[in-house]
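Just below is one structure, and these are the notes that go with it.
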Amino acid sequence: MAEAADFTVALLLGGEARRMPDKLTRPLGTSGLLERAVSFGRSLGPLVLLGREDQRAHSERFGVPFLADARPGGGPLAALVDAFERLDHAWVLVLAADLPALPPELPRELLARRDPGIEAVVPRHDEGIEPLCALYERSAALRAAAASSANEGPRALLERMRVAYVEFPKAFFLNVNTEADWSQLQERYYSR
């Protein structure tokens, strides 16, 4: 019998996507980015979607629980804190839905790096860190958030936590926000 997961996968659907409003539903091969992200998240553990109320239909489409952003327009930190307050598992694996190049070994490595005293496990590469593709100990994240201002982002939260950084190639974090990003993703996908 498989061991029950001690974490929740929180798939962050993102903000208003002004630069690419339809990015999550654009087809890439036989499915869209969101369908791929949901499938990826489900393969890891219990999954919940985080988004604006108008994104709830995605939850119904995939039969996945949905947590509506209690503070719309508050940015990713507000959405994450809201989710941390409402989820039950001790750990939350946060994944942005618009990171289609993540390999399965990345979240497994993050989960494997949970050690006593570690409150977050975050990917790092030569251009920085990835706080929207990271593992958070829920109660520690809430304590850190209590000391954060509403204008700060997830990086500020991490500054108040004991973090283990794990090195990964930058190529894993292709973030689809523009037509140029979409072209790069298509080129990568169709050249495999």
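If you take the residues in segment 99-112 that are aliphatic (A, V, I, L, M) and free of Cβ contacts under 8 Å to residues at least 60 places away in the same chain, which one is surrounded by the fewest Cβ atoms within 10 Å (Cβ to Cβ)?
Here is the first cut: in segment 99-112, the ones aliphatic (A, V, I, L, M) are 99, 101-102, 106, 110-112.
From what's left, free of Cβ contacts under 8 Å to residues at least 60 places away in the same chain: 110, 112.
On the way: L110: 23, A112: 12.
Out of the qualifying residues, it is A112.
With respect to P154, is the statement that it is under 30 Å from T25 (Cβ atoms) and touching a helix residue (DSSP H, G or I) at 6+ places or on another chain (Cβ under 7 Å) true?
Yes; evaluated as a whole, the condition is true for this residue.
Report the residue count in segment 53-81 for those that are out of contact with any helix residue (DSSP H, G or I) (no Cβ under 8 Å at 6 or more places or on another chain) and either loosely packed, with under 15 Cβ neighbours inside 10 Å or more than 21 Å from L157 (Cβ to Cβ) (or both).
Total satisfying the criteria: 10.
Across segment 120-136, what is the number of residues that are of a type outside the set (A, V, I, L, M, F, W, C), crowded, with 21+ Cβ neighbours inside 10 Å and either over 14 Å from the mean Cα position of the chain (by Cα) or assigned to a strand (DSSP E or B) (or both)? Lay out the reasoning, then the answer.
Going through segment 120-136, the residues of a type outside the set (A, V, I, L, M, F, W, C) turn out to be 123-128, 130-131, 136.
So of that shortlist, the ones also crowded, with 21+ Cβ neighbours inside 10 Å come out as 123, 130-131, 136.
Now drop any that are not either over 14 Å from the mean Cα position of the chain (by Cα) or assigned to a strand (DSSP E or B) (or both), which leaves 123, 136.
Residues flagged as of a type outside the set (A, V, I, L, M, F, W, C), crowded, with 21+ Cβ neighbours inside 10 Å and either over 14 Å from the mean Cα position of the chain (by Cα) or assigned to a strand (DSSP E or B) (or both) within segment 120-136 amount to 2.
Which of (1) outside any helix (DSSP H, G or I); (2) on the phi < 0 side of the Ramachandran plot is the odd one out, the single condition G14 does not satisfy?
Among (1) outside any helix (DSSP H, G or I); (2) on the phi < 0 side of the Ramachandran plot, G14 violates only (2).
Could you pull out the residue among S139, S149 that is more than 25 Å from D181 (Cα to Cα), of a type in the set (S, T, N, Q) and not in a loop (DSSP other than H, G, I, E, B)?
Numbers: S149 fails: not in a loop (DSSP other than H, G, I, E, B).
Going through S139, S149 in turn, just one is more than 25 Å from D181 (Cα to Cα), of a type in the set (S, T, N, Q) and not in a loop (DSSP other than H, G, I, E, B): S139.
For segment 104-120, state whether one or more residues are under 20 Å from L33 (Cβ atoms), touching a Leu at 6+ places or on another chain (Cβ under 7 Å) and not charged (D, E, K, R).
yes
Can you list residue pairs whose Cβ atoms sit under 6 Å apart, with the first residue in segment 85-98 being modelled with pLDDT of 95 or more and the second being assigned to a strand (DSSP E or B) and small (G, A, S)? Count only pairs 6 or more apart in sequence or on different chains.
Final answer for the pair search is V92/A10; V94/A10; V94/A134.
Working only within segment 35-46, note down all residues that are under 12 Å from A5 (Cβ atoms) and buried (at least 22 other Cβ atoms within 10 Å of the Cβ). Write out each step before concluding.
Restricting attention to segment 35-46, the residues satisfying the condition of being under 12 Å from A5 (Cβ atoms) are 41-46.
Once the filter is applied, which keeps residues that are under 12 Å from A5 (Cβ atoms) and buried (at least 22 other Cβ atoms within 10 Å of the Cβ), segment 35-46 yields only G41.
Among the candidates A180, A144, which residue alone is in contact with a Leu (Cβ under 9 Å, 6 or more places away or on another chain), without any contact (Cβ under 8 Å) to a residue 40 or more places away in the chain and either surrounded by fewer than 13 Cβ atoms within 10 Å (Cβ to Cβ) or more than 22 Å from L28 (Cα to Cα) (or both)?
Numbers: A180 fails: in contact with a Leu (Cβ under 9 Å, 6 or more places away or on another chain).
Exactly one of A180, A144 is in contact with a Leu (Cβ under 9 Å, 6 or more places away or on another chain), without any contact (Cβ under 8 Å) to a residue 40 or more places away in the chain and either surrounded by fewer than 13 Cβ atoms within 10 Å (Cβ to Cβ) or more than 22 Å from L28 (Cα to Cα) (or both), namely A144.
Can we say L158 is under 23 Å from L106 (Cβ atoms) and part of a helix (DSSP H, G or I)? Step through it out loud before you land on a result.
On the way: under 23 Å from L106 (Cβ atoms): yes; part of a helix (DSSP H, G or I): yes.
The answer is yes for L158.
The values are calculated or read from the model by the stated rules, or taken from the named source; none is laboratory data. From a predicted model like this one, the values you see are computed outputs, not experimental measurements. Cβ: placed from backbone, ideal geometry, glycine included. Neighbour counts: every protein chain shown.
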